[in-house]
1. Can you name the number of the only condition in (1) farther than 30 Å from residue 16 by Cα; (2) at pLDDT below 80; (3) among the aromatic types (Phe, Trp, Tyr) that residue 51 fails?
2. Quick check on this structure: which one of 48, 53, 64, 74 is charged (D, E, K, R) and touching a residue at least 24 places away in the same chain (Cβ under 8 Å)?
3. Please state which one of 79, 32, 8, 38 is modelled with pLDDT of 95 or more and surrounded by 12 or more Cβ atoms within 10 Å (Cβ to Cβ).
4. Taking the condition surrounded by 13 or more Cβ atoms within 10 Å (Cβ to Cβ), on the phi < 0 side of the Ramachandran plot, part of a helix (DSSP H, G or I) and free of Cβ contacts under 8 Å to residues at least 12 places away in the same chain, does residue 27 pass?
Amino acid sequence: MMMDANKLANNSTIHGTVWASFQHSFSQVQFLLDHNRLLIKEINQNHESKFPESLTRNVMLIRELNGNINKVVELYANLSSNFVTAFEDQTEGLSAVRAAVRQPPFESSTVGGQAGGMKPPPIFQKKMQQRS
């Protein structure tokens, strides 16, 4: 139970760390996408100019663009994986705490002829029988 309580106490720290990681990754993705926009603009200008030097430069720019796209795909894959891991860790932690805290005060049985009701402790059963 103490370990579960510690998990809950660290929950806000974990959320902060996970959120900071997500923000950092999204910032990297946004930087790469903005840079790619500039690369595409330059590639288009070079293509329209039809100068041999510009077209030769396009080969380098297209390679850089391709590398950036691969980095964006990798960042999104890592984000997805990190999100799933964080969600699973949180779910497991909450489930463990709920299981430790969830100790029903009464046994499950039928009360009043309805299935799924709660069976009161014996002392209350005696009082209910006396009233009947």
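1. Answer for residue 51: the failing condition is (2).
2. Values: 48 fails: touching a residue at least 24 places away in the same chain (Cβ under 8 Å); 53 fails: touching a residue at least 24 places away in the same chain (Cβ under 8 Å); 74 fails: touching a residue at least 24 places away in the same chain (Cβ under 8 Å).
Answer to the check: 64.
3. Values: 79 fails: modelled with pLDDT of 95 or more; 8 fails: modelled with pLDDT of 95 or more; 38 fails: surrounded by 12 or more Cβ atoms within 10 Å (Cβ to Cβ).
Sole residue among the options that is modelled with pLDDT of 95 or more and surrounded by 12 or more Cβ atoms within 10 Å (Cβ to Cβ): 32.
4. Numbers: surrounded by 13 or more Cβ atoms within 10 Å (Cβ to Cβ): no; on the phi < 0 side of the Ramachandran plot: yes; part of a helix (DSSP H, G or I): yes; free of Cβ contacts under 8 Å to residues at least 12 places away in the same chain: yes.
Taking the combined requirement at face value, the residue does not satisfy it.
The values are calculated or read from the model by the stated rules, or taken from the named source; none is laboratory data. Predicted model, so just to flag it, every value in this text is computed and none were measured. Every residue, glycine as well, gets a Cβ built from its backbone with ideal geometry; the counts of neighbours run over all protein chains shown.
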